[in-house]
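Heads up: the structure comes next, in structure tokens.
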Amino acid sequence: MNYTIIGTGAIGGFYGGRLMNAGRKVQFLLHSDYSYVRSHGLQIDSCDGSFHLDNVDCYDSTSKMPCADVILVGLKSTNNHLLKDLLSPIVGSNTTVVLIQNGIGLEEDLQQLFPGLAIIAGLAFICSSKIGPGHISHQCYGSINLGNYSCPDDRFHDILKDMQDAGITAAEVPYDEARWKKAVWNMPFNGMTVALNTSTDKLLGNPSTRRLIYEQMMEVINAAQALGVKGLDSSFADKMIEMTDAMVPYSPSMKLDFDNHRPMEIPYLYSRPISEARKVGFDMSKLAMLEAELQFIQDSYLKK
């Protein structure tokens with residue numbers, strides 16, 4: 001299978017780079033650093049072993065790209081309004097899209113745009129950032145959970161095996177469980193690092209915010225349980241706290257967007273899960289308050 005990367009940044013660049021480094025045919029969509037990568041290739045600095053990719057098959061428009069077997073979407077969900085135009089030239093009758101994005105409801109909305117499309121949720125547990133043109137820094141972790149939304153089983157497992165063969169720690173997880181498990185980490189840490197203008201280690205280093213983070217995690221878990229999602233209980237919150245304690249000091253993607261005065265992923269990371277929980281009578285009160293704070297912060301710099 002050939003792979004196409006839409007959003008060659010910290011996430012798409014890392015997983016696409018690993019696949020290419022393992023010998024898979026991969027093509028990359030780039031914008032600001034298209035000319036640089038075409039001339040100099042991609043550099044992946046990784047805690048699991050750094051590597052450089054020469055002769056990268058890259059493009060500056062999907063209208064110039066061949067049809068793809070598998071598309072990995074690593075765009076921020078704030079850019080999902082672009083997906084119809086980006087994907088239309090490269091989606092064929094047997095194309096599968098893997099949405100490596102944060103939030104709830106992403107696959108449902110994409111399926112409405114492309115009713116017959118095979119879709120997989122990709123939930124990355126990784127500390128990675130793009131630090132320059134064609135240059136990605138992978139600090140720690142790097143696993144990815146795949147949740148099958150509407151993909152034929154044989155194709156799903158072929159993609160899973162390709163990732164595993166490329167040295168990526170990839171696992172199959174039930175779709176709803178995969179999405180809500182990622183929300184257990186994302187909803188507390190992304191928003192709290194913005195609201196308090198801090199990093200993950202400092203949030204857990206203070207007893208008051210450590211307790212609040214845990215309570216927010218449990219609010220996500222309780223919302224998921226109210227929605228009928230299996231495989232989530234307090235032990236998962238304990239695991240996420242333990243994992244983050246061991247992580248290098250980290251600024252999540254929403255904090256980086258805030259620092260650079262970019263739109264934040266509030267709709268899919270907060271508004272959608274809060275709304276879904278309310279439909280079944282569960283009020284995510286702490287996270288609804290955080291959502292309002294994030295909206296106020298974003299409005300203060302986007303509406304200037």
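The values are calculated or read from the model by the stated rules, or taken from the named source; none is laboratory data. Since we're looking at a predicted model, the values are computed, not measured. Using ideal geometry, Cβ is built from the backbone for each residue, glycine included, and neighbour counts are taken over all protein chains shown. In case anyone asks, the SASA skips ligands and DNA or RNA and just uses the protein heavy atoms, side chains included. Shrake-Rupley method; radii C 1.70, N 1.55, O 1.52, S 1.80 Å.
Of the cross-linked pairs Lys130/Lys161; Lys130/Lys279; Lys161/Lys279; Lys181/Lys286, those separated by over 29 Å at the C-alpha level are Lys130/Lys279; Lys161/Lys279.
For Asp109, the solvent-accessible surface with a 1.4 Å probe is about 40 Å², rounded to the nearest 10. Put the Cα centre of region 263-304 next to the Cα centre of region 48-66 and the gap is 35 Å. Accessible surface of region 95-225, 1.4 Å probe: 49 percent of it comes from carbon and sulfur atoms.
Annotation: amide H-H contacts under 5 Å for Asn102 (H modelled 1.01 Å from N, sequence separation of 5 or more, or interchain): Ser77. Normalised by 2.2 N^0.38 Å, where N counts its residues, the alpha-carbon radius of gyration of the chain equals 0.97. Per residue, the solvent-accessible area of the chain (1.4 Å probe, heavy atoms of protein chains only, all protein chains present) comes to 42 Å². At full extension, Asp60 and Asp48 could sit 1.4 nm farther apart than now, given 0.36 nm per residue minus the alpha carbon distance. Straight-line reach from Lys76: taking Cα to Cα under 16 Å and skipping same-chain neighbours fewer than 8 places apart, the aspartates and glutamates in range are Asp85, Glu107, Asp109, Asp257, Asp259, Glu265. Here region 77-165 carries DSSP beta bridges of which approximately 75% are antiparallel, counting only pairs with both residues inside. Quick check: from the Cα gyration tensor, does region 56-177 come out rounded (a/c under 1.5), prolate or oblate? Here region 56-177 falls in the rounded category. Over the residues of the chain, the helix contribution to mean residue ellipticity at 222 nm works out to -13500 deg cm²/dmol, using -39500 (n - 2.57) for each DSSP H run of at least 4. If R0 is 30 Å, the Cβ-Cβ spacing of Asp165 and Cys140 corresponds to a FRET efficiency of close to 0.85. The C-alpha atoms of region 230-304 occupy a region whose extents along the principal axes are 43, 37, 16 Å, arranged from largest to smallest. Mean separation of Cα pairs under 8 Å and 6 or more residues apart, divided by the residue count, gives the chain a relative contact order of 15 percent.
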